[in-house]
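Colleague: Structure provided below as structure tokens; questions to follow.
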Number of protein chains: 4
Amino acid sequence: MIIVLRPHATPEQIEEVIKEVGILGYEPRPIHGAHQTVIAAIGDETTHHTLESLNVLPQVEGVLRVQKRFKLVSRESHPEDSVIDVDGVKIGGSQFVAMAGPCSVESEEQLLSTARAVKAAGASILRGGAYKPRTSPYEFQGLGREGLRLLDLARRETGLKIITEVLSERDVEHVAAATDILQIGARNAQNFRLLTEAARTGKAILLKRGMSERIEEWLLAAEYILAEGNSNVLFCERGIRTFETYTRNTLDLSAVAIAKKESHLPVIVDPSQGCGRADLVCALCRGAVAMGADGIIVEVHPNPAEAMSDGQQQVDFAGFDALMRDLDPLLAAVGRTR
Amino acid sequence: MIIVLRPHATPEQIEEVIKEVGILGYEPRPIHGAHQTVIAAIGDETTHHTLESLNVLPQVEGVLRVQKRFKLVSRESHPEDSVIDVDGVKIGGSQFVAMAGPCSVESEEQLLSTARAVKAAGASILRGGAYKPRTSPYEFQGLGREGLRLLDLARRETGLKIITEVLSERDVEHVAAATDILQIGARNAQNFRLLTEAARTGKAILLKRGMSERIEEWLLAAEYILAEGNSNVLFCERGIRTFETYTRNTLDLSAVAIAKKESHLPVIVDPSQGCGRADLVCALCRGAVAMGADGIIVEVHPNPAEAMSDGQQQVDFAGFDALMRDLDPLLAAVGRTR
Amino acid sequence: MIIVLRPHATPEQIEEVIKEVGILGYEPRPIHGAHQTVIAAIGDETTHHTLESLNVLPQVEGVLRVQKRFKLVSRESHPEDSVIDVDGVKIGGSQFVAMAGPCSVESEEQLLSTARAVKAAGASILRGGAYKPRTSPYEFQGLGREGLRLLDLARRETGLKIITEVLSERDVEHVAAATDILQIGARNAQNFRLLTEAARTGKAILLKRGMSERIEEWLLAAEYILAEGNSNVLFCERGIRTFETYTRNTLDLSAVAIAKKESHLPVIVDPSQGCGRADLVCALCRGAVAMGADGIIVEVHPNPAEAMSDGQQQVDFAGFDALMRDLDPLLAAVGRTR
Amino acid sequence: MIIVLRPHATPEQIEEVIKEVGILGYEPRPIHGAHQTVIAAIGDETTHHTLESLNVLPQVEGVLRVQKRFKLVSRESHPEDSVIDVDGVKIGGSQFVAMAGPCSVESEEQLLSTARAVKAAGASILRGGAYKPRTSPYEFQGLGREGLRLLDLARRETGLKIITEVLSERDVEHVAAATDILQIGARNAQNFRLLTEAARTGKAILLKRGMSERIEEWLLAAEYILAEGNSNVLFCERGIRTFETYTRNTLDLSAVAIAKKESHLPVIVDPSQGCGRADLVCALCRGAVAMGADGIIVEVHPNPAEAMSDGQQQVDFAGFDALMRDLDPLLAAVGRTR
């Protein structure tokens, strides 16, 4: 770490910082510059106490980290792309994966018809929420265990793999039993206890980026999962919260390129949450392909206007089919198959 | 709700929307304006299906809510200020409450010395983290149950009430046994399952605003707690995430005035998280008093430069004592006592 | 417009609002809902006084706009894509346009070598700043008129068209004489007097989105130009300011799709400003192509490490050549040529 | 500056950076750490070329500034508070200054009645917009020169000092002739040419913070004015743009404390723009006093519901009078008079 001292720090004040750096386990190396002194603190920042606390000293102007804080998720620790095998469906290699299905599981008829439609259009993984995190307690909260039963039924009927969100540590076990990929939603992006408990199932985990989560924090949240010995992590960019009101969120497609550069893990894009408007979903999927995403997760509903949650961002069967066909030339251009 | 149709919607398209409004349980009332038709949908928006899903229809330009989404937390449902009684300490009335203590409980010596110091300076509630949500898995995660034991010891020694954070549904029961107020942190601000489980203990709950949570969402998160029959909720403004880098967060003091206007529940301000810098804590407490906050929660440590977490935003004993004395004239000016 | 009254508004209060709506030139139509009254105000919102001022009345909960505020830039006013002809280079049709060149014009050698390199790689328009808006007064402010002379020289030598930024009304005339496209930068995105004066030259204008400008505001800023009778406007998405620190700005590629949907005018993407890092420029250009952009504007420098401004986001000649070749398969996939 | 190299940089790569640091005019001092090498570059960062361009080298992970970028505005260059004398009204000392008046000058009757009312309530400076920067070209743009004439009339009638916004370099001269303080609005916060030209008049300048301007950038924009030899600058915090929608902007009161700490110049708060709602203006003024602001600038209108611009955020005469009386106990508490 680098500790920057204020321009008029006295020799005694400089000495105090040097001593404190030593107490906290680093080797101090002062450098006297043109206007200010900086102290380089030599030591492994990921195992030592952080020196940011030194900011409380009046003679300290700032403390700058040098070392990256994430390890197991880093491209440096694993130079090759990781390919996650979800019961035969490979994510992160040359194949581009489409996950699709309703925002909420609403009924057997709704789920099975959607499963068949998205499979026909080329999806290999069925999404559907059984437990829904809703802003208001008066909104539809999902079918719960009955939803899981229906997802399992759809899996057996269609052969599609299943992804569904888990909201609670208390649900991890039975959700894991019914699904192939556990989804951690944006509101739980830094619910580290849920991440840890989900990690221990060994299942693949799709980790959405939090609404205002920096990319570094997103990588560090995944580090919690890898630190439990589970490296089957899929990052999912789903839009960040900004001042813009035309869209529900601002999809940060540069985060796809950055996550692929900093980490070896696959990156999925959620265009439905990413904009909150069905009419932009297809364009965002095109951007996702071009930016190097390994797959998409799209909300599809038989009749979005009457959906029990987030109808405004769900496409219908024809829309999803058109979207998938629209992506084909772009996939070819980037050397991907589906 | 109000459905705005696009300027060139055809009569058939308008009819389709009118019909759909009826199917979804509202009474449609079309109004033909100068350039566009709007349809007022009469019905209770908090019990009916939302009409936002109608945005998927190509002739719909937008859907606007009319009714407020929160009920039990609203000032309309309870015009008087609520006063929360925490085992004799009253929060929300004319008394201004100071909660103070270390970011993390580190040791018996550290906690007890801090407890005595903050009590002497005028605090009535001791804060201290036993379970810490840390951005990286390699950072200090808190003493856990040992931390709870020390908090309980400090309570018995000093008579201070205790507030500590709960991170996990699995911890709710034993954390509740050791504390007077359960704190829900910013990262769990919309962890609705944790909110619900914490609510059921009947304990007072301090609900921090999420990093990028709109005030409406914050009120709705509290609605989850009140809907469980627990109305002992304290809102806590702790800064929101913005582009500014001088401070760790941007403390939104206008949110204090807004929450007090929209809701009957008390509002506490956390200046330590709110700026992430010890040198600004006192100024922010002054602003909190002036804006009508019912209390503050301040991080205090015997030696911030060597704190095991967030030393840069903790004040020392002398600093906290000075801060409390600094607030007295302002408290008098706003008609509060402490 | 729609005026939403508070739940317990009295008949007299409702009458007051109805009367005020009439005074302000709209026809009021009250609708009495389940819990609240709303008043639809019939009239052309773009010619009448806004009713947002009614928010000051205590019985008014909110005022909602119905009509879009922009006219001439809207897709409704001009359903076909506009193609802007810049002295023979057509922007907005099937051809994808590459604008490239140094952040700042530094010298004849630097500019001419770059002009030749970007032309060879496929650019048709040369960018280069002669007047630079710099955060600090102590940073390089550009060569001014000498920079314009060099741009003109490069135009004559290479046949490339020129784009350069104009910072001041006082410079509009002589900058317009030396350039084919006037660039309005992000810091002047709502400098309406500069927009108006630039518009009057009749030159094509590239209008960058402001750092925290909503898309609606960006469209309305362009409306200032079209209202002067100049419809040669190119929108330029260059990233918005968010909490993310990995990149200098967050490039909002969804804004490309939205601007193309709401307006008939071409949209250009600036990946250099959009991320502030040379290593991400190529990936962002790929996303721009896929999302439907009509062109890119890329910073290119002979030796970025020694550039006099923003070296960190400039690619070198080999990098730009590789980038252009990298885009070819994607351009083919979206049916564009270059 | 500090250049951080990537963990696996080769000796040749390190040597390349060391050489480049020398070429760019700094003295390089390499420090070999536990995992990475950093190079301290000794030299005055405000006179030398920035080294941020070195980020383009693949072996460079980051470049960190050490020195502050602003000089003349800094507290270090001028440890005492600056007091700006506006024709006898002193801003920045123990007196708290109230500036008040309509958003737009609309008529002689409107302006004079407001001038008399705000003077009676305790304001010493009259605000009023003659040139208005409006989001849409179809909105009221201000009375222009006629507005300036009315402001001058109000000055002569009441003895109040005048503040009004200047939008254009072409207006600087005649606006300066009619006003005591030139206001630079948020949209022109980084319009450096306007700042420079306004500075040359020698008039006091109220510099609003841009909508998404970092505090450092705000200080550097003021540096442009001081670098012209005009040190009569008033900072004005007027809210920043965030995701929150309850208020038009998020007033950043911590910026008041920060600007007062980093700079010697006075800080004014604009609560009207800061929240965009008349009902919160008084609470925000209270916060401003407590946080150490040197004054407020408040929008006041005889009949806000019929104002020609921003009626929703203007208070009426009775409201302003109540607000001023409400501040008295707080002013006394912080040792200020008015």
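Colleague: Determine, yes or no, whether D:Glu106 is among the acidic types (Asp, Glu), at pLDDT 95 or above and crowded, with 16+ Cβ neighbours inside 10 Å.
Modeller: yes
Colleague: Across segment A:231-248, what is the total count of residues that are of a type outside the set (A, V, I, L, M, F, W, C) and farther than 20 Å from D:Thr247 by Cβ?
Modeller: Residues meeting the conditions: 6.
Colleague: Out of the residues in segment B:1-11 that are hydrophobic (A, V, I, L, M, F, W, C) and facing chain C (nearest Cβ under 8 Å), which is surrounded by the fewest Cβ atoms within 10 Å (Cβ to Cβ)?
Modeller: Here the answer is B:Val4.
Colleague: Only residues that are farther than 19 Å from D:Val334 by Cβ, among the aliphatic types (A, V, I, L, M) and within 9 Å of chain D (Cβ to nearest Cβ): list them for segment B:258-286, please.
Modeller: Within segment B:258-286, B:Ile258 is the sole residue that qualifies.
Colleague: Only residues in segment B:72-88 that are without any contact (Cβ under 8 Å) to a residue 40 or more places away in the chain count as the first member; pair them with residues that are exposed (fewer than 12 other Cβ atoms within 10 Å of the Cβ) and assigned to a loop (DSSP other than H, G, I, E, B), Cβ under 8 angstrom, at least 6 apart or cross-chain, and list the lot.
Modeller: Partner pairs satisfying both residue conditions: B:Glu76/C:His8.
Colleague: Still on this structure: Sort out which residues of segment D:286-310 are closer than 21 Å to B:Ala257 by Cα and surrounded by fewer than 24 Cβ atoms within 10 Å (Cβ to Cβ), and write them in order of number.
Modeller: Result: D:Gly292, single match.
Colleague: Condition check: touching a helix residue (DSSP H, G or I) at 6+ places or on another chain (Cβ under 8 Å) and at pLDDT below 95. Does D:Leu51 satisfy that?
Modeller: yes
Colleague: Please pick out the residue among A:Ser74, A:Ser82 that is touching a Leu at 6+ places or on another chain (Cβ under 6 Å) and more than 21 Å from B:Asp316 (Cα to Cα).
Modeller: Sole residue among the options that is touching a Leu at 6+ places or on another chain (Cβ under 6 Å) and more than 21 Å from B:Asp316 (Cα to Cα): A:Ser82.
Colleague: Here is a further query. Can you spot a residue in segment A:53-70 that is in a loop (DSSP other than H, G, I, E, B), without any contact (Cβ under 8 Å) to a residue 12 or more places away in the chain, buried (at least 20 other Cβ atoms within 10 Å of the Cβ) and more than 14 Å from chain B (Cβ to nearest Cβ)?
Modeller: no
Colleague: In segment B:86-110, what residues are farther than 20 Å from B:Leu323 by Cβ and assigned to a helix (DSSP H, G or I)?
Modeller: Answer for segment B:86-110, where residues must be farther than 20 Å from B:Leu323 by Cβ and assigned to a helix (DSSP H, G or I): B:Glu108, B:Glu109.
Colleague: Go through (1) within 14 Å of chain A (Cβ to nearest Cβ); (2) over 20 Å from the mean Cα position of the chain (by Cα) for B:Asp321 and report which single condition fails.
Modeller: (1)
Colleague: Taking the stated definitions as given, is B:Val289 in contact with a strand residue (DSSP E or B) (Cβ under 6 Å, 6 or more places away or on another chain) and not hydroxyl-bearing (Ser, Thr, Tyr)?
Modeller: No.
Colleague: Here's another thing I want to ask about it. Taking segment B:200-216 only, how many residues are closer than 27 Å to A:Lys208 by Cα and without any contact (Cβ under 8 Å) to a residue 40 or more places away in the chain?
Modeller: Total meeting the criteria: 6.
Colleague: Within segment D:1-30, how many residues are under 20 Å from C:Glu139 (Cβ atoms) and in a helix (DSSP H, G or I)?
Modeller: Matching residues across segment D:1-30 total 3.
Colleague: Identify all residues within segment D:326-338 that are assigned to a helix (DSSP H, G or I) and either touching a helix residue (DSSP H, G or I) at 6+ places or on another chain (Cβ under 8 Å) or away from chain B (no Cβ under 14 Å) (or both); write none if there are none.
Modeller: Matches in segment D:326-338: D:Asp326, D:Leu327, D:Pro329, D:Leu330, D:Leu331, D:Ala332, D:Ala333.
Colleague: Okay, next question. Given the condition touching a strand residue (DSSP E or B) at 6+ places or on another chain (Cβ under 8 Å) and not assigned by TED's automatic domain parsing to the domain that holds A:Leu182, answer yes or no: does some residue in segment A:103-110 qualify?
Modeller: Among the residues of segment A:103-110, not one is touching a strand residue (DSSP E or B) at 6+ places or on another chain (Cβ under 8 Å) and not assigned by TED's automatic domain parsing to the domain that holds A:Leu182, which makes the answer no.
Colleague: Next question, about the same structure. Please indicate, with yes or no, whether at least one residue in segment B:143-157 is modelled with pLDDT of 95 or more and closer than 24 Å to A:Gly210 by Cα.
Modeller: No, every residue in segment B:143-157 fails to be modelled with pLDDT of 95 or more and closer than 24 Å to A:Gly210 by Cα.
Colleague: Right, another one. For segment A:28-45, how many residues meet the condition of being under 31 Å from the mean Cα position of the chain (by Cα) and either closer than 21 Å to B:Pro302 by Cβ or surrounded by fewer than 17 Cβ atoms within 10 Å (Cβ to Cβ) (or both)?
Modeller: 1
Colleague: While we're on this one: Of all residues in segment C:106-165, count the ones that are free of Cβ contacts under 8 Å to residues at least 12 places away in the same chain and touching a Phe, Trp or Tyr at 6+ places or on another chain (Cβ under 7 Å).
Modeller: Number satisfying all stated conditions: 1.
Colleague: Considering every residue within segment D:229-246, establish whether at least one is facing chain C (nearest Cβ under 10 Å), charged (D, E, K, R) and under 19 Å from D:Gly185 (Cβ atoms).
Modeller: Scanning segment D:229-246, I find at least one residue that is facing chain C (nearest Cβ under 10 Å), charged (D, E, K, R) and under 19 Å from D:Gly185 (Cβ atoms), so the answer is yes.
Colleague: Of the conditions (1) touching a residue at least 40 places away in the same chain (Cβ under 8 Å); (2) assigned to a helix (DSSP H, G or I); (3) in contact with a Ser or Thr (Cβ under 9 Å, 6 or more places away or on another chain), C:Met308 fails just one. Which one is it?
Modeller: (2)
Colleague: Among the residues of segment A:179-197, what is the count of those that are in contact (Cβ under 8 Å) with a residue 40 or more places away in the chain and either touching a Lys or Arg at 6+ places or on another chain (Cβ under 6 Å) or within 20 Å of A:Met99 (Cα to Cα) (or both)?
Modeller: The qualifying residues number 5.
Colleague: Also: For segment C:247-257, enumerate the residues that are at the interface with chain A (Cβ under 7 Å from one of its Cβ atoms) and not hydroxyl-bearing (Ser, Thr, Tyr).
Modeller: Hits for segment C:247-257 are C:Leu251, C:Asp252, C:Leu253, C:Ala257.
Colleague: Does A:Pro133 count as closer than 21 Å to A:Val175 by Cα, within 14 Å of chain B (Cβ to nearest Cβ) and either under 17 Å from the mean Cα position of the chain (by Cα) or surrounded by 19 or more Cβ atoms within 10 Å (Cβ to Cβ) (or both)?
Modeller: yes
Colleague: Give me the residue from segment A:73-92 that is surrounded by fewer than 20 Cβ atoms within 10 Å (Cβ to Cβ) and within 14 Å of chain B (Cβ to nearest Cβ) and, out of that set, farthest from the chain's Cα centre (by Cα).
Modeller: A:Ser77
Colleague: Which residues, counting only those in segment B:12-27, are within 11 Å of another protein chain (Cβ to nearest Cβ) and crowded, with 16+ Cβ neighbours inside 10 Å?
Modeller: Of everything in segment B:12-27, those that are within 11 Å of another protein chain (Cβ to nearest Cβ) and crowded, with 16+ Cβ neighbours inside 10 Å turn out to be B:Glu16, B:Val17, B:Glu20, B:Val21, B:Leu24, B:Tyr26.
Colleague: Evaluate segment B:31-52: report whether one residue or more is over 23 Å from B:Glu217 (Cα atoms), assigned to a loop (DSSP other than H, G, I, E, B) and within 11 Å of chain A (Cβ to nearest Cβ).
Modeller: Among the residues of segment B:31-52, not one is over 23 Å from B:Glu217 (Cα atoms), assigned to a loop (DSSP other than H, G, I, E, B) and within 11 Å of chain A (Cβ to nearest Cβ), which makes the answer no.
Colleague: Confirm whether C:Ala204 is more than 11 Å from the chain's Cα centre (by Cα) and either of a type in the set (Asp, Glu) or away from every other protein chain (no Cβ under 14 Å) (or both).
Modeller: yes
The values are calculated or read from the model by the stated rules, or taken from the named source; none is laboratory data. Keep in mind it's a predicted model, so treat the numbers as computed, not measured. Note that we place each Cβ from the backbone using ideal geometry, even for glycine, and neighbour counts take in every protein chain shown.
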